[in-house]
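Colleague: I have a structure I would like to understand better, so I am pasting it below and will then ask my questions one at a time.
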Amino acid sequence: MEYSSDRHFTAWQYTVAHHSRILLRSPRRTASDTRIDLHVGGVSALLIRPSYRGITVRGGTDEEKERVTEILGPQVFARGERLHVIGEDRMTGFIAGGPLEHRETRAADSEPSGFLPMPPTE
């Protein structure tokens, strides 16, 4: 699956509990705007920036998967993880894990994503 948006996204939450999950969020810009959440569960490896002004997430090529395997080892893909590459024409980051899911809603930024609950970050 590929996802692309020109909106600002932030690494909103990451947890190693409950199958290691990452949530990237584009918060609402106004009270009537939407919030966009990108979620990957079963994360075995990632290399991301704290935020992105515009984002494209696409399936990694065989060559990109080989590069990640050379650096981190084959265990990254041992359970059939997918490689989600951040960057349209070159890799500027990646997430190895389950499927990329996205959800757009009018929920407040403080409300849960609607994906599996993340543990509190108190």
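Colleague: Mind listing which chymotrypsin sites (Phe, Trp or Tyr not before Pro) in the stretch 25-122 are in a DSSP loop and have 16 or fewer other Cβ atoms within 10 Å?
Modeller: Numbers: sites: Tyr52, Phe77, Phe94, Phe115; in loops: Phe115.
In loop regions of the stretch 25-122 (DSSP not H, G, I, E or B), the sparsely surrounded chymotrypsin sites (Phe, Trp or Tyr not before Pro) are Phe115.
Colleague: Further question on the same structure: Go ahead and set up a Gaussian network model of the chain, Cα springs under 10 Å, then flag whichever of Ala96, Ala31, Ala108 fluctuates most.
Modeller: Largest GNM mean-square fluctuation: Ala31.
Colleague: Follow-up question, since we're still on this one. Which whole-number percent gives the relative contact order of the stretch 48-111, counting Cα pairs below 8 Å spaced six or more residues apart? Provide the component values of the computation, followed by the final result.
Modeller: On the way: 59 pairs, mean separation 21.2, N = 64.
Computed value for the stretch 48-111: 33 percent relative contact order.
Colleague: Separate question: With 5 Å bins from zero, work out the P(r) of the chain over every alpha carbon pair and list the percent per bin.
Modeller: Spelled out per bin, shortest first, that is 2, 11, 22, 23, 20, 12, 6, 3, 1, 0.
Colleague: Evaluate the relative contact order of the chain (contact order divided by residue number), counting alpha-carbon pairs under 8 angstrom at least 6 apart; express in whole percent.
Modeller: On the way: 234 pairs, mean separation 37.1, N = 122.
Once normalised by length, the contact order is 30 percent.
Colleague: Helix 62-72 versus the longest principal axis of the chain: what angle, 0 to 90°, nearest 10, using Cα atoms?
Modeller: Helix 62-72 and the main axis of the chain meet at about 90 degrees.
Colleague: Let me ask something else about it. Can you work out the PRE-style zone for Glu88? Point 7 Å along Cα to Cβ, and I want the residues of the stretch 47-62 with backbone N under 19 Å.
Modeller: 49, 51-61
Colleague: Counting other Cβ atoms within 10 Å, which trypsin sites (Lys or Arg not before Pro) in the stretch 61-109 have at most 12 and lie in a DSSP loop?
Modeller: On the way: sites: Lys65, Arg67, Arg79, Arg82, Arg90, Arg103, Arg106; in loops: Arg79, Arg90, Arg106.
Sparse-neighbourhood loop trypsin sites (Lys or Arg not before Pro): Arg79, Arg90, Arg106.
Colleague: Shifting gears a bit: Provide the per-residue ³J(HN,Hα) series for the stretch 81-87, in order, calculated from phi with Karplus coefficients 6.51, -1.76, 1.60 and θ = phi - 60°, each as a whole number of Hz, with x at glycine and proline positions.
Modeller: Karplus-based 3J(HN,Hα) across the stretch 81-87 equals 4, 9, 9, 9, 9, 9, x Hz.
Colleague: Another question, then. Which net charge results for the neighbourhood of Phe77, defined as the other residues with beta-carbon distances under 11 angstrom from its beta-carbon, given Lys and Arg at +1 and Asp and Glu at -1? Please list the in-between numbers first.
Modeller: On the way: positive: Lys65, Arg79, Arg82; negative: Glu66, Glu81.
Here the charged neighbours net out to +1.
Colleague: Let me ask something else. Label points 7 Å out from Cα along the Cβ direction at Ala78 and Arg28: separation in nm?
Modeller: Going by the 7 Å Cα→Cβ label model, 4.3 nm.
Colleague: Obtain the nm distance between the two label points defined at Arg106 and Asp6 by a simple spin-label model: each point lies 7 Å from its Cα along the Cα-to-C-beta direction.
Modeller: With each label point 7 Å from Cα toward Cβ, the separation is 2.4 nm.
Colleague: Extending each Cα 7 Å along its Cβ direction at Thr61 and Ser44, get the distance between those two points in nm, one decimal.
Modeller: The two pseudo-label positions are separated by 2.2 nm.
Throughout, read-outs are computed from the coordinates displayed, never taken from laboratory work. All values derive from a computational prediction rather than experimental measurement. Heads up, the Cβs are rebuilt from the backbone with ideal geometry, glycines too, and the neighbour counts pull from every protein chain shown.
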